[in-house]
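Below: one structure, written as structure tokens.
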Amino acid sequence: MTRSKSVPTITRKTRFEHAARLAAQRAEARPQSRQTARDRDGAVDDTTTAPGSGAVLGVLWSRVKGTVVPGADDVAAAASAGGDDRVENARRVLVAARNRRRRWPWIPAALGGVAGMGGHWLGAGLAAVAGADPAVLAAPAAAVPLGAAAVVAARYRSAVGRWWPELAGSGAGASVLAYHLAAAGPSPLLAAAAVLGTTAIGARWWRAHPIGPRVAALTPPQQLPAVAPPDPEHDRYCLAWAETNAARNGKVPGSRLTNRTDDAYTTCFDVVLARGTHTLDDLVSHRVRLAGGLGLDADRVLFAPGRRGEGAARARLTIIHTDPVAQTRLFTAPRVADGVIKGVGRSIDGSGEVDVLMWDDGGTVPTAVLGSTGGGKSGATNILVTSALSTGVLNLLYADPKGNSSTALATRARVAVIGKQNVLALPRLVTAILAARAQIAAEAGSDLIFPSQDVPGWMFLHDEYSFVAHDPKVAALWTETVNTVRALGIWLVGLNQSQGQAAWGGDHARSAFAAQVIAFRTNSKSSSDLVPGLLFDPAELPLNDARPRRPVPGMAVHAHLDAPVRWDWLPSDADAARMVSKGLPAPALTASTAFDRYFNQPELHPLDDAAITSVLGPAVGGRWQVGGLGGTHHLLDTDGPGPAGFPGGPRRAAWGTRTTGAGGADTAALSAAAAEVVLSPVQAEVLALIQGGTATTGNLVDAATVSKAAVHDALDTLIGCGRISRVARGRYQATLDDRTPDDRDEQDSTS
């Protein structure tokens, strides 16, 4: 098939740029072509190949051929070579061009010698065959250098300039040398004359092109000519795609690559798919096999939607050939502007810095952070918390069902809820805060609250959400919360180790957190379509070479971005100690020092303070901590403050250690304690059910209108204050009957 192509014209003005571009391509492609030749000829290494083998000759010939003129492999490899060494290659081109120009004064002498010796040998042959004069070809031999000088002067008349005396002298000297060589043959006198004459004629030229230790090094031009993309019919990526991926047994048969563009880090193509057969989803799901068809690693191949208006049968392929973020960058200081955390990471395709959105014109943006243990999830969360609280307009509510995720956050957050059972009861506190925020919005007459100095907002950080996602009522409340807080000035960040629906309590709950997704490497084999917006499967993020294999720290994938991201690293105190023990410089900032330096939690809004106090009781030291080491409060289902020393209600028994209360207890003391406790609606409901005859745990859970965890907490509280007792495993009875006589008579008559 013949195609019309526009061929650029190479003029004298662009000759050097064209030569520099070709030389840069050859220099960049030469190592790759050598490796290709070694692979083709079966040579593993030049130093290990047996002498005299065909592989050595093949490698030597490929080197000579690649040095003289680029072959097909050179042209194909040059187009895919990276741009990191182009400046050095351009400098090498300048050095090679200078050295070549310094040899030019010897060219006339060499030409005269070749012409003279040729005339001498031909004349001797004619004399032996036909008896002619041996010097018959002396005049024609002398005319060859003169003719060459005339051709050079005519062809490069604009470049001869002030060098015409050297050109004329060298042409005349070469003509004389050729005449005497053809007439009398070679002699030491002629050789000495050629050397002395060339030295005298080329002296001025060599002074203009110096070389040596005292000569300044040549520097390449600042603007290098762009590497021209190869023709698609000869592009090695296009050929590999057509032979493997687009073949009949390939994953996307009938497709093709076109419109190649190159930059310093990537090579991009438009992928034209068969209409009605394949879409971007097919490319994403078969990324590993398609990368194998191109002969590349899967983490270097990215697929993205095509340009708007091109249709669903078009996509964008990006091949990363140079990683600009191979080295980890330490986090040094938070940068926040207008609700955006700036520059927390860098894209590996060279597209620049990565930001995290806390709020925009539509309100706050719920965020999900995924990743297996050791993948960098906790370090990234520390950066998010440090940056968010440095604004001075957010307070932190930290929920940690695992109990040991971050002691630094647990001791610094305005409200910290530690432990699984406490986090299961957290929805009551969250509901109170949401009600307070809604009242703030109503009083302000605004449908949308933004965090500010006058009305501070919240950051809700829920660690290990999968620990409580199994409870359907808790999952439902958090799903409703995530969908509500956008308008209430609350930035909710949920952390999880899995991207599956079950780990979020269902698709609705998971999707609620997925307005913005930061996914580090996961051990899950599930596809990335389980998290909306991800085009790169987190399970395909790179691993380091450690044993056992571990994720590369700080590597993540962001929703709505095409390329993986290397996050900045905020080391912990233990990480800093290990760095010092290995002889590395100590980091300027660790997690603890960052928290101490940048945590700037404002005073609570009065309604927020009242809402928290109504559930937990008065603050201790300006904060509330439920559970964990140094806990100050207890999160129970009580409406009012409990006895002195136990804000928020009486201390309940540990899980699974219910107080019997049936024997050995002082009934009068229990009655006095029970009379002092004001029951919450949940506890009153459970107590009424027990007094009404519902005595087993299963029946209580089925009959109650609250969650299973709330029923168990109510049972603990009722046993602790002496209102009920456990008569057998899973069976309870009321110890005090606080019903009115009419209620008792009505129930007795019903029974």
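Out of Gly371, Gly376, report the one residue that is buried (at least 18 other Cβ atoms within 10 Å of the Cβ), closer than 28 Å to Pro542 by Cβ, at pLDDT below 90 and touching a helix residue (DSSP H, G or I) at 6+ places or on another chain (Cβ under 9 Å).
Numbers: Gly376 fails: touching a helix residue (DSSP H, G or I) at 6+ places or on another chain (Cβ under 9 Å).
So the residue among Gly371, Gly376 that is buried (at least 18 other Cβ atoms within 10 Å of the Cβ), closer than 28 Å to Pro542 by Cβ, at pLDDT below 90 and touching a helix residue (DSSP H, G or I) at 6+ places or on another chain (Cβ under 9 Å) is Gly371.
Name the residues in the range 91-143 that are among the charged types (D, E, K, R) and under 22 Å from Ala200 (Cβ atoms), would you? I'd like the intermediate steps shown before the answer.
Step one: list which residues in the range 91-143 are among the charged types (D, E, K, R), which gives 91-92, 98, 100-103, 133.
Matches in the range 91-143: Arg98, Arg100, Arg101, Arg102, Arg103.
Can you work out which of the residues in the range 608-619 that are closer than 22 Å to Ala444 by Cβ and of a type in the set (A, V, I, L, M) is surrounded by the fewest Cβ atoms within 10 Å (Cβ to Cβ)?
So the first thing to find is which residues in the range 608-619 are closer than 22 Å to Ala444 by Cβ, and the list is 608-614.
Remaining after also requiring of a type in the set (A, V, I, L, M): 610-612.
Numbers: Ala610: 13, Ala611: 22, Ile612: 24.
Filtering first and then ranking leaves Ala610.
Under 22 Å from Trp567 (Cβ atoms), touching a residue at least 12 places away in the same chain (Cβ under 8 Å) and buried (at least 19 other Cβ atoms within 10 Å of the Cβ): which single residue out of Leu424, Leu394 fits that description? Before you say what the answer is, go through the steps one by one.
Values: Leu424 fails: under 22 Å from Trp567 (Cβ atoms).
On inspection, the qualifying residue turns out to be Leu394.
On the given criteria, is Asn395 assigned by TED's automatic domain parsing to the domain that holds Pro542, in a helix (DSSP H, G or I) and modelled with pLDDT of 90 or more? Steps first, please.
On the way: assigned by TED's automatic domain parsing to the domain that holds Pro542: yes; in a helix (DSSP H, G or I): no; modelled with pLDDT of 90 or more: yes.
Here the answer is no, as Asn395 does not meet what is asked.
For Thr258, state whether it is outside any loop (DSSP other than H, G, I, E, B), over 23 Å from the mean Cα position of the chain (by Cα) and in contact (Cβ under 8 Å) with a residue 24 or more places away in the chain. Before the answer, list the steps.
Details: outside any loop (DSSP other than H, G, I, E, B): yes; over 23 Å from the mean Cα position of the chain (by Cα): yes; in contact (Cβ under 8 Å) with a residue 24 or more places away in the chain: yes.
Yes, satisfied.
Can you spot a residue in the range 138-151 that is within 60 Å of the chain's Cα centre (by Cα) and part of a helix (DSSP H, G or I)?
yes
Phe536: hydrophobic (A, V, I, L, M, F, W, C) and modelled with pLDDT under 80, yes or no?
Working: hydrophobic (A, V, I, L, M, F, W, C): yes; modelled with pLDDT under 80: no.
Against the criterion (hydrophobic (A, V, I, L, M, F, W, C) and modelled with pLDDT under 80), Phe536 does not qualify.
Against the condition touching a strand residue (DSSP E or B) at 6+ places or on another chain (Cβ under 9 Å), closer than 23 Å to Val552 by Cα, basic (Lys, Arg) and free of Cβ contacts under 8 Å to residues at least 40 places away in the same chain, how does Arg300 come out, does it pass?
Working: touching a strand residue (DSSP E or B) at 6+ places or on another chain (Cβ under 9 Å): yes; closer than 23 Å to Val552 by Cα: yes; basic (Lys, Arg): yes; free of Cβ contacts under 8 Å to residues at least 40 places away in the same chain: yes.
Taking the combined requirement at face value, the residue satisfies it.
Out of all the residues in the range 344-364, which are small (Gly, Ala, Ser) and buried (at least 16 other Cβ atoms within 10 Å of the Cβ)?
Correct list: Gly345, Ser347, Gly350, Ser351, Gly363.
Looking at the range 440-458, can you tell me whether even one residue there is of a type outside the set (Phe, Trp, Tyr), assigned to a helix (DSSP H, G or I), in contact with a Leu (Cβ under 8 Å, 6 or more places away or on another chain) and assigned by TED's automatic domain parsing to the domain that holds Phe536?
First, pick out the residues of the range 440-458 that are of a type outside the set (Phe, Trp, Tyr): 440-449, 451-457.
Narrowing further to those that are assigned to a helix (DSSP H, G or I): 440-444.
Subsequent filtering for residues that are in contact with a Leu (Cβ under 8 Å, 6 or more places away or on another chain) retains 440-441.
Right, trim to assigned by TED's automatic domain parsing to the domain that holds Phe536 and you get 440-441.
Yes - at least one qualifying residue is present in the range 440-458.
Restricting attention to the range 398-429, and to residues there that are part of a helix (DSSP H, G or I) and of a type in the set (Gly, Ala, Ser), which single residue is modelled with the highest pLDDT? Write out each step before concluding.
Pass one, the range 398-429, residues part of a helix (DSSP H, G or I): 407-410, 420-424, 426-429.
In the following step, the residues that additionally are of a type in the set (Gly, Ala, Ser) were identified as 408, 410.
Numbers: Ala408: 84, Ala410: 88.
So the residue we want is Ala410.
Under 6 Å by Cβ, and 6 or more places apart or on different chains, what pairs join a residue from the range 231-247 that is in a helix (DSSP H, G or I) with one that is modelled with pLDDT under 90 and crowded, with 16+ Cβ neighbours inside 10 Å?
Arg236/Ala76; Cys238/Pro232
Can you work out which of the residues in the range 573-607 that are polar (S, T, N, Q) and buried (at least 18 other Cβ atoms within 10 Å of the Cβ) is modelled with the highest pLDDT?
From the range 573-607, those polar (S, T, N, Q) are 581, 590, 592-593, 600-601; that's our starting set.
Then keep just the ones that are buried (at least 18 other Cβ atoms within 10 Å of the Cβ); that gives 590, 601.
Details: Thr590: 91, Gln601: 94.
It comes out as Gln601.
For the range 539-563, what are the residues that are touching a Phe, Trp or Tyr at 6+ places or on another chain (Cβ under 6 Å), under 25 Å from Pro587 (Cα atoms) and at pLDDT 85 or above?
Here is the first cut: in the range 539-563, the residues touching a Phe, Trp or Tyr at 6+ places or on another chain (Cβ under 6 Å) are 554, 556-557.
The next check asks that each one be under 25 Å from Pro587 (Cα atoms); those that pass are 554, 556.
If the condition is that a residue be touching a Phe, Trp or Tyr at 6+ places or on another chain (Cβ under 6 Å), under 25 Å from Pro587 (Cα atoms) and at pLDDT 85 or above, then Ala556 is the only one that fits.
Go through the residues of the range 556-563 one by one and say whether even a single one is exposed (fewer than 14 other Cβ atoms within 10 Å of the Cβ), over 37 Å from the mean Cα position of the chain (by Cα) and under 30 Å from Val455 (Cβ atoms).
Taking the range 556-563 and keeping what is exposed (fewer than 14 other Cβ atoms within 10 Å of the Cβ), we get 560.
Next cut, over 37 Å from the mean Cα position of the chain (by Cα) only: none.
No, the conditions are met nowhere in the range 556-563.
Residue-by-condition table, conditions (1) in the same structural domain as Ala194 (by TED's automatic domain parsing); (2) within 22 Å of Ala194 (Cβ to Cβ); (3) without any contact (Cβ under 8 Å) to a residue 40 or more places away in the chain; (4) surrounded by fewer than 16 Cβ atoms within 10 Å (Cβ to Cβ):
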{"residue": "Ala115", "(1), (2), (3), (4)": "yes, yes, no, no"}
{"residue": "His120", "(1), (2), (3), (4)": "yes, yes, no, no"}
{"residue": "Gly125", "(1), (2), (3), (4)": "yes, no, yes, yes"}
{"residue": "Ala130", "(1), (2), (3), (4)": "yes, no, yes, yes"}
{"residue": "Ala149", "(1), (2), (3), (4)": "yes, yes, no, no"}
{"residue": "Ala154", "(1), (2), (3), (4)": "yes, no, yes, yes"}
{"residue": "Ala172", "(1), (2), (3), (4)": "yes, yes, yes, no"}
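The values are calculated or read from the model by the stated rules, or taken from the named source; none is laboratory data. All figures in this text were calculated on a predicted structure; none of them were measured in a lab. We place every Cβ from the backbone using ideal geometry, glycine too, and count neighbours over all the protein chains shown.
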